[in-house]
């Protein structure tokens with residue numbers, strides 16, 4: 001290797017290995033503390049999220065269920081939410097698929113093959 | 001001092017810290033000069049060296065022994081240097097022209113520089129090269145590494161490195177002669 005036109009401080013190379021090892025150990029400890037700190041912050045954020053979403057949920061239920069709300073009489077707040085969950089699951093393009101499986105024949109006009117219409121499952125029956 | 005295969009065997013046996021200590025003992029000085037070739041201040045070189053060893057320590061579990069330890073370490077150091085060069089260029093770009101210091105001025109202000117005018121001109125010409133040509137030139141000219149080793153470090157073909165070295169050489173020659 002050719003000599004570069006630079007000097008180094010006195011004793012630099014004598015102390016270099018020890019210093020490098022201690023820097024690496026120090027940074028490893030610092031990184032671990034950082035990870036623990038980030039994990040703690042995330043945990044706090046999740047707990048706060050639960051607490052605050054509880055408050056919002058009560059307010060939403062009041063909006064849906066209270067005076068002048070959506071007037072879903074006879075349903076508790078949880079039941080109102082369940083209704084919304086079901087509505088999310090019903091496919092927009094073919095909603096009948098959600099209510100009828102292959103075990104029962106379905107005739108959209110409300111009649112069966114014989115025209116009686118008695119055995120046909122209707123949405124209101126569910 | 002242990003050789004690379006002994007250090008790797010030590011690492012594989014589970015004694016990671018001892019293996020790392022051996023790497024530091026064996027390579028710290030040589031790696032300092034490798035980094036110093038690209039940096040015009042001792043402080044910068046020292047910072048890059050520290051970052052390089054932290055990277056080596058963190059990346060050691062992913063080292064599978066497929067490459068040689070020496071080229072693997074040089075690759076990490078070279079990437080650190082390239083990052084530093086990019087940051088420097090960005091900082092210079094963002095610094096108002098009145099505050100930006102020319103390379104020669106920075107070199108002369110460095111208390112650890114002990115070169116003559118010819119060396120100043122050479123280092124200044126090297127500093128103006130594109131990063132790849134600069135890397136190849138420094139590793140070949142100052143560190144006297146084989147093209148095969150540089151090829152492993154830079155993941156580039158020997159032919160391409162030879163071409164880069166030739167271009168770098170011509171540019172430096174032109175810069176020094178003032179054509």
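Since every read-out is calculated from the coordinates, none of them should be taken as a lab result. Keep in mind that what you see is a predicted model, and the values were worked out from it rather than measured. In this analysis, Cβ positions are derived from the backbone assuming ideal geometry, glycine residues included, and neighbour counts consider all displayed protein chains.
Can you give me the angle between helix B:42-59 and the longest principal axis of chain B, using Cα atoms only, in degrees from 0 to 90, rounded to the nearest 10?
Value to nearest ten degrees: 30.
Any chance you could check the Cα centroid distance between region A:25-55 and region B:4-23 for me, in angstrom?
That distance is 35 Å.
Using helices alone, I'd like the mean residue ellipticity at 222 nm for chain B: each DSSP H run of four-plus residues gives -39500 (n - 2.57), total over residue count, nearest 500.
Result for chain B: -23000 deg cm²/dmol, rounded to the nearest 500.
Over chain B, with a Gaussian network built from C-alpha contacts below 10 Å, which listed residue (B:19, B:118, B:77) shows the highest mean-square fluctuation?
Maximum fluctuation in the GNM of chain B, among the listed residues, is at B:118.
Among B:170, B:139, B:1, B:154, which comes first, then next, by fewest other beta-carbon atoms within 10 Å?
Details: B:170 10, B:139 23, B:1 7, B:154 20.
Placing the least packed residue first, the sequence is B:1, B:170, B:154, B:139.
Counting other beta carbons within 10 Å of each Cβ, put B:81, A:47 in order, fewest first.
Numbers: B:81 25, A:47 10.
Final ranking by Cβ density, sparse to dense: A:47, B:81.
Run through every distinct alpha carbon pair of region B:1-150 and return the Kirkwood hydrodynamic radius in angstroms, one decimal place. Kindly include the intermediate steps, with their values, before the conclusion.
Values: mean 1/r = 0.0594 Å⁻¹.
By the Kirkwood definition, the hydrodynamic radius is 16.8 Å.
When Cβ neighbours within 10 Å are restricted to other protein chains, what is their mean count per residue of peptide A:21-28? Walk me through the numbers before you get to the answer.
On the way: counts 9, 0, 6, 11, 3, 1, 6, 3.
The per-residue average across the peptide is 5.
Fewest first, what order do B:16, A:41 take by the number of other Cβ atoms within 10 Å? Write down the numbers at each step before the final one.
Details: B:16 14, A:41 10.
Lowest to highest Cβ neighbour count: A:41, B:16.
For B:54-62, what's the mean count of beta carbons from other chains sitting within 10 Å of each residue's beta carbon? Write out the running numbers ahead of the final one.
Details: counts 7, 1, 2, 7, 4, 0, 0, 0, 0.
Mean partner shielding for this stretch: 2.
Give the average, rounded to an integer, of partner chain Cβ atoms located within 10 angstrom of each Cβ in A:5-15. Write out the running numbers ahead of the final one.
On the way: counts 11, 17, 6, 8, 4, 0, 0, 5, 3, 0, 0.
Mean shielding count: 5.
Ranked from highest to lowest mean number of other Cβ atoms within 10 Å per residue, what is the order of the peptides B:63-73, B:104-114?
Working: B:63-73: 16.3, B:104-114: 13.9.
Output ranking for B:63-73, B:104-114: B:63-73, B:104-114.
R0 = 51 Å: FRET efficiency of residue B:160 with residue A:22, Cβ-based, nearest 0.05?
Working: r = 40 Å, r/R0 = 0.79.
Using R0 = 51 Å, I get an efficiency of 0.80.
For chain B, modelled as a GNM with alpha-carbon contacts under 10 angstrom, which of B:26, B:132, B:18 fluctuates the most?
Of B:26, B:132, B:18, the Gaussian network model singles out B:18 as fluctuating most.
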